[in-house]
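Working notes, beginning with the structure itself.
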Amino acid sequence: MVESAQLPVLVVMGVSGSGKSTVAGVLAGRLGWDLAEGDDMHPAANVAKMTAGHPLDDEDRRPWLDKVAAWIREHTDAGRPGIVTSSALKLSYRDVLRGEHVTFVYLAGKPDRIAHRLAARHGHYMPEALLDSQFATLEPPGADEDAITVEVAGTPSQTADEIIERLRLRAGYSR
């Protein structure tokens, strides 16, 4: 899938609890690429809202998406590969992030499996109660998007292996 000479920026996307951070970390370690955690780019007001159990709306997400998009553009403009996590639940959100040399990796899973994973997670501000709203908002990537869908049935290592294989990725880059 990755055919140009320039390596891509991967946007590892999906609902909360799908394993975005873990899989992205494995990928970044194996490939030697820059990694950014999209959750760290949320404004404090967004974190407070989610911590209180309230879902974000499109207006809340806009400054966050702009920060994620800026990180992506910084890398693609410099010709550097990278990996960033972002729920990117709607097509309109992905449209903000989309660009040349950007590939979306949708980590898909059944709601009960994701809920189980989310319940086992500790130390994250996103409460399990908001998972239903994330699935209700989710618009999986369409066939016309530069994206792959990977089921999160295996381990994070197996998921990373599948992503590397399907996208024919390689480590490193030249500056």
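The numbers here are math on the coordinates, done by the rules we state, and not lab data. The structure presented is a predicted model; accordingly, all values stated were derived computationally and were not measured. Reconstructed Cβ throughout: ideal geometry from the backbone, glycine too, with neighbour counts over all protein chains shown.
Quick notes
- Label point 7 Å beyond Cα of residue 139 along Cβ direction - residues of the stretch 6-46 with amide nitrogen under 16 Å: 14-15
- Restricting the stretch 141-171 to trypsin sites (Lys or Arg not before Pro) in coil, as DSSP defines it, with at most 13 other Cβ within 10 Å: 168, 170
- Sorted on the mean count of surrounding Cβ atoms within 10 Å across their residues, most packed first, peptides 60-69, 79-88 read 79-88, 60-69.
- Computed from the Cβ-Cβ distance with R0 of 25 Å, the FRET efficiency linking residue 40 to residue 149 stands at 0.50.
- Residue among 29, 51, 19 farthest towards the positive dipole end of the chain, charges placed on Cβ: 29
- Between helix 111-120 and the chain there is an angle of about 80 degrees, using the helix long axis and the longest principal axis of the Cα atoms.
- Extension gain for the segment residue 54 to residue 91, taken as residue separation times 0.36 nm less the Cα-Cα distance, is 11.2 nm to one decimal.
- Relative to the dominant Cα principal axis of the chain, helix 58-78 is inclined by about 10°.
- Total charge dipole magnitude, the stretch 9-167, about the Cα centre, Cβ charges on Lys, Arg, Asp, Glu only, Debye to nearest 20: 320 debye
- Label-zone membership for the stretch 79-109, site residue 5, 7 angstrom Cα→C-beta point, backbone N under 19 Å: 79-82, 100-102
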